[in-house]
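One structure is given here, and the rest of the page talks about it.
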Amino acid sequence: MNSPLVSIVIPTFNRAHLISDTIESILAQTYPNWECIVVNDSSTDNTIEVVNEYVKKDSRFQLHSLPAERLRGGNDARNYGFEISQGEYIKWFDSDDIMYPNFLEAQMSILIDNPKLDFCACQWEYFYENGQMAKNYINLKPKNHPLYSYFIDGHVFQTNSPLWKKFFLTNKSLFDPKIVRSQEADFHLRMLSFSPQYITHADFLYKVRRGHESIETTSSDLKKQLSVLNYFQNALKIIEQNTFEGKFKLQQYLIFRILGQVYSVASQEKNIFSRLKYFYFHKTIFKYRSHLGIRTFFKTQLGLCLLVFFKKGYRFMLLKQFDLRKK
């Protein structure tokens, strides 16, 4: 019986000097039945030439260009790679990171032995140009609801970590191409909101390169901060639609993060006219006034006014009492 096909999807932009290491780590996989779809996002170096050398040698490699009508960036490149994939399982991977040889085999073994699972996720290591390594430990067995634990209890996934059943992902909105920061967190949170069956396992199966620019780092700081703000707003909507123990506290935490992020982005705006658009957060504050309490409710309303008109009010909007990460 043939082993199921795994589709490895790799977005890339100007990675000619690094992507060979990634591809060589895929070639070294002990699980042989995979296809590797590299999606080039308008590289201006010789990334295409480097990848094409592997395409010529091994038919499991494919090189595609992100279509002109798609939004630039790693997010839509990941989505496009998913759309053209043929495998029963999906592994998104970054073009500068390294798989350990048993990465696919270990995760496929878990999913095959546990057919009801929608994905499994592992731990990882970081490596630096000076040779240093650091393990990244995640909370493997959270006691709280996954949505709560994802924000508060260290139960997180990096994009490379999960191996997904394609069936679970089909007909869902995947990576949001409009955001340039927190896109991984946004994607994983939305997938968790569909109540998947999954396990996180203790194996360290790949390493993430540190100390260089990511695909998205060329975006402006304001655009990045706006993306984070949108992520927290979307998260608050998702939490609103679910019922679980700790929901009220998590909503308080998200309001704390949203107001802090509003201050971060609005204070970068140069004039009062560009800051006026943040006035609509009065509606969010009013909607969740029972989460804040009367005194904090009026305090944050005042803080938002001071922010919009005078670029002041930070101490009125910083709600440290709702920062659950410190408890």
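Some values worked out for this structure:
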read-out	value
Computed over segment 79-212, the ratio Rg/Rh where both radii use C-alpha atoms and Rh is Kirkwood	0.94
Carbon plus sulfur fraction of accessible area for segment 145-275, probe 1.4 Å, in percent	49
Extension reserve of the Q132-H282 stretch, reckoned as 0.36 nm per residue once the Cα distance is removed	49.3 nm
Neighbourhood charge, 12 Å Cβ-Cβ cut-off, centred on Q107 and excluding it, Lys, Arg +1 and Asp, Glu -1	-1
Per DSSP, loop GluC sites (Glu not before Pro) in segment 217-292 with at most 14 further Cβ within 10 Å	E245
Nitroxide proxy distance, nm - points 7 Å out along Cα→Cβ at N234 and I48	3.1
Charge tally in the Cβ shell below 14 Å around Y126, where Lys, Arg are +1 and Asp, Glu are -1, Y126 excluded	-1
Within a Gaussian network of the chain (alpha carbon springs, distance under 10 Å), most fluctuating of I294, I84, I48	I294
Relative packing of 121-133, 97-109, which averages over residues the other C-beta atoms within 10 Å, highest first	97-109, 121-133
Accessible-area value, T44, 1.4 Å probe, nucleic acids and ligands omitted, Å²	120
Matching label, semi-axes √(5λ) of the Cα gyration tensor in Å computed from the structure shown, candidates (i) 32, 21, 19; (ii) 35, 22, 16; (iii) 38, 24, 17	(iii)
Under the span-like rule (Cα at least 20 Å along the axis, Kyte-Doolittle mean at least 0.5), DSSP H helices of the chain	294-310
Label-to-label distance, nm, for residues given as E24 and C305 (7 Å Cα→Cβ offset)	6.4
Sum of side-chain charges, N144 neighbourhood, beta-carbon under 9 Å (Lys, Arg +1; Asp, Glu -1)	-1
Projected label distance in nm at D221 and E125, using a 7 Å step from Cα toward the beta-carbon	3.4
Rounded to whole Å, sorted largest first: equivalent-ellipsoid semi-axes of segment 198-324, Cα gyration tensor	29, 23, 12
Ranking by accessible area, most exposed first, for I112, I23 with a 1.4 Å probe	I112, I23
Restricting segment 172-277 to chymotrypsin sites (Phe, Trp or Tyr not before Pro) in coil, as DSSP defines it, with at most 12 other Cβ within 10 Å	F194, F244
Accessible area per residue in Å² at 1.4 Å probe, computed on the chain	48
Dipole of the chain, positive end: most advanced residue of G74, L304, H201 [Cβ charges, Cα centre]	L304
Stokes-Einstein D in µm²/s, Kirkwood radius over Cα pairs - segment 1-76 at 20 °C with 1.002 mPa s viscosity	164
S42 accessible area, 1.4 Å probe, all protein chains in place, Å² to nearest 10	60
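The values are calculated or read from the model by the stated rules, or taken from the named source; none is laboratory data. Only a predicted model underlies this, so the values are computations on that prediction, with no experimental measurement involved. Using ideal geometry, Cβ is built from the backbone for each residue, glycine included, and neighbour counts are taken over all protein chains shown. Areas reflect the complete protein model, heavy atoms only, side chains present, ligands, DNA and RNA absent. Shrake-Rupley method; radii C 1.70, N 1.55, O 1.52, S 1.80 Å.
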